[in-house]
Amino acid sequence: MEVDSFAFLPRSFRSLYERPEPLADETEPVWAPFDKRLAEARIALVSSAGLYVKGRQEPFDAERERREPEWGDPSWRPIPASVASASLGMTHLHVNSDDVLADHNVALPATVLDELVADGMVGGRTDQHFSVMGYQEAGLRVWRNETAPAIAARLGDHGADAVVLAPV
């Protein structure tokens, strides 16, 4: 079954995102080798659901995206690994939040990761996971130069050996 990622976006957006040309400095694969055994590795989660901790963090900027439909908030939020679904809010104009807010494991599978750790399949998890808003501007300039390096630095600070991306 083929998934049409653009089914719910205006048709004019499809050409901006469907088959982007590599940027000038994109000559190498973006994947890094994973040399550790999973049972010895510390894993972090990154969700693109636009999750934030209610009352402690600002929601993502949906108002600007409404005014500028080709823009997406490039900021990020640290999410405590032990967070309860009821503590989370979600900002995303392109995804229905009902299921995610009912059970955050839909978009941030922290409970599943904890179970894998408990079963010895995964060595451990970081104390924080991270959330971004998946819809981003074409070219990803801010993401490449600011957002991704900041998240990568925090992942290193928390001892992450690998990241599981949970796209929404």
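Numbers for the structure displayed
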item: MRE, 222 nm, helices only [DSSP H, n ≥ 4, -39500 (n - 2.57), over the chain, to nearest 500]; result: -5500 deg cm²/dmol
item: The chain - Kirkwood radius from inverse mean 1/r over Cα pairs (Å); result: 17.2 Å
item: Choice from G156, G72, G55 showing the highest fluctuation, given a GNM over the chain with Cα pairs closer than 10 Å; result: G55
item: Contour minus Cα-Cα distance for L165 and V112 (0.36 nm per residue); result: 17.7 nm
item: Cβ-derived FRET efficiency at R0 35 Å, N105 paired with E68, nearest 0.05; result: 0.65
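Only the coordinates and a few stated rules stand behind these numbers; no lab work does. Note that the structure is predicted; figures quoted are calculated from it, not measured. Cβ sites come from the backbone with ideal geometry, for glycine too, and all protein chains shown count toward neighbours.
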